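To keep things clear, I will list the structure first and then write my remarks on it.
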Amino acid sequence: MSVLVGFGTRLVVQGMSGSTGAFHAKGAVEYGTNVVAGVTPGKGGTKVAGLEQIPMYDTVDEAVQQ
């Protein structure tokens, strides 16, 4: 199975409030990836240092609906 990624691809980062998730999300943003949301249970509505422009949600379903 192929994963098709293009200029219109939007990315949701799971675990973005953790150190590893934040590290990879920052790298993706610097590379030019369209990161549209972060997801960490219990952290919805919070901000991640260096990624304040990306909204955080509690569930992937919540992030996708937005």
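Figures for the structure shown
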| read-out | value |
| --- | --- |
| Sole residue being exposed (fewer than 15 other Cβ atoms within 10 Å of the Cβ), outside any helix (DSSP H, G or I) and hydroxyl-bearing (S, T, Y), chosen from S2, S17 | S2 |
| Test: residue in segment 2-21 that is in contact with a Phe, Trp or Tyr (Cβ under 7 Å, 6 or more places away or on another chain) and either among the basic types (K, R) or closer than 16 Å to D61 by Cβ (or both) | no |
| Single residue of segment 30-58 satisfying the filter (of a type in the set (S, T, N, Q) and in contact (Cβ under 8 Å) with a residue 24 or more places away in the chain) that is nearest to G18 (Cα to Cα) | T40 |
| Hey, F7 free of Cβ contacts under 8 Å to residues at least 12 places away in the same chain, among the aromatic types (F, W, Y) and under 22 Å from Q65 (Cα atoms) or not | yes |
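Any read-out appearing in this document is the output of simple, stated calculations on the displayed coordinates, not a laboratory observation. Not measured: the values here are computed from a predicted model. Heads up, the Cβs are rebuilt from the backbone with ideal geometry, glycines too, and the neighbour counts pull from every protein chain shown.
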